[in-house]
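**Student:** I'd like to ask you about the structure that follows.
The values are calculated or read from the model by the stated rules, or taken from the named source; none is laboratory data. Just so it is clear, the model here is predicted, and its values are computed rather than measured. Glycine also receives a Cβ, built like all others from the backbone with ideal geometry; neighbour counts cover every protein chain displayed.
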Amino acid sequence: MNIIKFSHSWNNKLNNKVFTTIRSHSTEKYQYYRRLIGEKFVIELGGCSQGTAFLMSVKEVAFQSLPDEFLMVDTGMTDIKEISRLFNKFGVRDIAIVLLFKKEE
């Protein structure tokens, strides 16, 4: 089974029917997720299952082109400099991978 792992449910996103996650980019990682569009993933938060979701879309995006509002909703934070530091800590630099999931009902 495919697994999408989270260390934190930023902005309580994992409680939503549809949620995004922004991941660091590599060509291999991008191709991996592209192959899995439509597939089911187990959602793991700190090693514990939070249900399942289907991967709806995968986008390669220049991190700087992501709207501030999108980043705020994704993280639950409002300070753009702090948000940038957070993503930098997670290895998100110039290019990001944005994944969109829909929880299984």
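**Student:** Are any residues in region 18-65 assigned to a loop (DSSP other than H, G, I, E, B) and under 12 Å from the mean Cα position of the chain (by Cα), and if so, which ones?
**Tutor:** Of everything in region 18-65, just one residue is assigned to a loop (DSSP other than H, G, I, E, B) and under 12 Å from the mean Cα position of the chain (by Cα), namely His25.
**Student:** I want to confirm something. Restricting to region 66-105 and keeping residues that are assigned to a helix (DSSP H, G or I) and of a type in the set (Ser, Thr, Tyr), which single residue is surrounded by the fewest Cβ atoms within 10 Å (Cβ to Cβ)?
**Tutor:** That would be Ser84.
**Student:** Further question on the same structure: When only residues in region 70-105 that are among the aromatic types (Phe, Trp, Tyr), in contact with a strand residue (DSSP E or B) (Cβ under 7 Å, 6 or more places away or on another chain) and more than 17 Å from Tyr32 (Cβ to Cβ) count, which is modelled with the lowest pLDDT? Quick ask: steps written out before the conclusion?
**Tutor:** First pass over region 70-105, keeping only residues among the aromatic types (Phe, Trp, Tyr): 70, 87, 90, 101.
If we keep only those that are in contact with a strand residue (DSSP E or B) (Cβ under 7 Å, 6 or more places away or on another chain) too, we end up with 87, 90, 101.
Retained after the next criterion (residues that are more than 17 Å from Tyr32 (Cβ to Cβ)): 87, 90.
On the way: Phe87: 96, Phe90: 93.
Filtering first and then ranking leaves Phe90.
**Student:** Inspect all residues belonging to region 71-82 and state whether any of them is out of contact with any Cys (no Cβ under 9 Å at 6 or more places or on another chain), free of Cβ contacts under 8 Å to residues at least 60 places away in the same chain and of a type in the set (Gly, Ala, Ser).
**Tutor:** Among the residues of region 71-82, not one is out of contact with any Cys (no Cβ under 9 Å at 6 or more places or on another chain), free of Cβ contacts under 8 Å to residues at least 60 places away in the same chain and of a type in the set (Gly, Ala, Ser), which makes the answer no.
**Student:** Quick check on Thr52: is it closer than 13 Å to Asn2 by Cβ, polar (S, T, N, Q) and in contact (Cβ under 8 Å) with a residue 40 or more places away in the chain?
**Tutor:** Yes.
**Student:** For region 74-105, which residues satisfy the criterion of being among the aliphatic types (A, V, I, L, M) and within 19 Å of Ala53 (Cα to Cα)? Quick ask: steps written out before the conclusion?
**Tutor:** Narrowing region 74-105 to residues among the aliphatic types (A, V, I, L, M): 77, 80, 83, 86, 92, 95-100.
Correct list: Ile97, Val98, Leu99, Leu100.
**Student:** Evaluate region 14-26: report whether one residue or more is without any contact (Cβ under 8 Å) to a residue 60 or more places away in the chain and surrounded by 17 or more Cβ atoms within 10 Å (Cβ to Cβ).
**Tutor:** Yes; the residues of region 14-26 include at least one that is without any contact (Cβ under 8 Å) to a residue 60 or more places away in the chain and surrounded by 17 or more Cβ atoms within 10 Å (Cβ to Cβ).
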